[in-house]
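In what follows, a structure is listed as structure tokens, so that the remarks can point back to it.
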Amino acid sequence: MKKEELTQLSDEDLKAEVKRAKSGKWFDAVFFGVLVGVAVYSTFKNGLGLLTFLPLAYLPMAGKNKMHRAAVQEVARDRGLQVD
């Protein structure tokens, strides 16, 4: 969702989006941790291979998610909504 679209949301919808963004932060952290674990295990078990570099493929998606979370929090702060 672009920032322009976020500004058009109602307060209730924006609060729900903040909540989704917060849970997405945890998902990104856990998923990246699992990918690193798989990469380390794969590297020790089979040597360097495709799974070794799998976490690097997820980094652009995690970065995009982080930018979305920042935009959601910025719009919520501009409206004076409580953001934790």
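Every number here is computed from the coordinates shown, using simple stated rules; none is lab data. Remember, it's a predicted structure, so these values are computed and weren't measured experimentally. Backbone-built Cβ (ideal geometry, glycine too); neighbour counts: all protein chains shown.
Positive end of the dipole of the chain, charges at C-beta (+1 Lys, Arg; -1 Asp, Glu), about the Cα centre: which of Tyr41, Asn65, Leu9 has its Cα farthest in that direction?
The residue sitting most towards the positive pole is Tyr41.
If one takes the longest principal axis of the Cα atoms in the chain, at what angle in degrees, from 0 to 90 and to the nearest 10, does the Cα axis of helix 11-46 lie?
On a 0 to 90 degree scale, this one is about 10.
Using alpha-carbon pairs under 8 Å, 6+ residues apart, how would you state the relative contact order of the chain in percent?
Relative contact order of the chain: 42 percent.
Any chance you could run the full-extension gain for Leu56 through Asp13? It's 0.36 nm times the residue separation minus the Cα-Cα distance, nm to one decimal.
Here the segment from Leu56 to Asp13 would lengthen by 12.2 nm.
Grab the beta carbon distance between Ala70 and Lys45, set R0 = 35 Å, and tell me the FRET efficiency rounded to 0.05.
According to the calculation, E is roughly 0.40.
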